[in-house]
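Engineer: Below is a structure I'd like to ask you about.
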Amino acid sequence: MKRALFTEITAYFFIILFLYSGISKLMDYTLFKEQIASSPILVPVAPLIAWLLPMTEVIVSILLFIPSWRSKGLKASFGLMTIFTVYILAILTLDDHLPCSCGGIIELMTWKQHLVFNILCTSFSLWGIVLSKQSQRMKKETSTPSYHSLEQ
């Protein structure tokens, strides 16, 4: 029961985080696109990322919201958070004075604070995946009749 609750809380946390972040980026699309373009790493793909990233965040939120797709959503959350974390590490090695293009309140964090936040979020998503798999396995074991119950 605790596993399912943690997985549920994790899913809703990421729904809020990704919807908030994605919608913030879309609402101030011009600024987001300019910030992405100012990153030396993202210059060649800035126009593509400017649309793709917020839409991906919204889609992952939808996956997390639908219980039968939640496992896929948790895996996608882990993937996104891993990519974001690697990007922040790269930014910290290049130039930590670049503007953050995350949107909303998260944008107010320093790059180092953002790195800690992302590492924690990545850890939560990984833990959510593990607990979700354990919960699914336990459901299967309790719903599948065992050999001994079939003999009776």
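Engineer: Just need a number here: residues in the range 13-27 that are over 10 Å from the mean Cα position of the chain (by Cα) and closer than 15 Å to Ala76 by Cβ.
Structural biologist: Within the range 13-27, residues that are over 10 Å from the mean Cα position of the chain (by Cα) and closer than 15 Å to Ala76 by Cβ number 3.
Engineer: Against the definition (within 13 Å of the chain's Cα centre (by Cα), surrounded by fewer than 18 Cβ atoms within 10 Å (Cβ to Cβ) and under 22 Å from Leu31 (Cα atoms)), how does Thr82 come out, yes or no?
Structural biologist: No.
Engineer: Answer yes or no: is there a residue in the range 135-148 that is assigned to a helix (DSSP H, G or I), touching a helix residue (DSSP H, G or I) at 6+ places or on another chain (Cβ under 6 Å) and at pLDDT below 90.
Structural biologist: Yes, the range 135-148 contains at least one residue that is assigned to a helix (DSSP H, G or I), touching a helix residue (DSSP H, G or I) at 6+ places or on another chain (Cβ under 6 Å) and at pLDDT below 90.
Engineer: Can I ask one more? Anything in the range 100-141 that is charged (D, E, K, R) and loosely packed, with under 12 Cβ neighbours inside 10 Å? List them, or say none.
Structural biologist: Lys112, Arg137, Lys139, Lys140, Glu141
Engineer: Which numbered condition trips up Ser39, out of (1) under 23 Å from Ile62 (Cβ atoms); (2) buried (at least 16 other Cβ atoms within 10 Å of the Cβ); (3) small (Gly, Ala, Ser)?
Structural biologist: Answer for Ser39: the failing condition is (1).
Engineer: How about the range 1-102: which helices (runs of 4 or more DSSP H) wholly inside it have at least 2 residues that are closer than 29 Å to Lys139 by Cα and either in contact with a Gly (Cβ under 9 Å, 6 or more places away or on another chain) or modelled with pLDDT of 95 or more (or both)?
Structural biologist: Fully inside the range 1-102 and qualifying: 2-27, 46-65, 70-94.
Engineer: Select, from Leu126, Leu108, the only residue that is hydrophobic (A, V, I, L, M, F, W, C), out of contact with any Lys or Arg (no Cβ under 7 Å at 6 or more places or on another chain) and at pLDDT 85 or above.
Structural biologist: The unique qualifying residue is Leu126.
The values are calculated or read from the model by the stated rules, or taken from the named source; none is laboratory data. Computed from a prediction, not measured in an experiment: that's the story for all the values here. Virtual Cβ from ideal backbone geometry, glycine too; neighbours counted across all protein chains shown.
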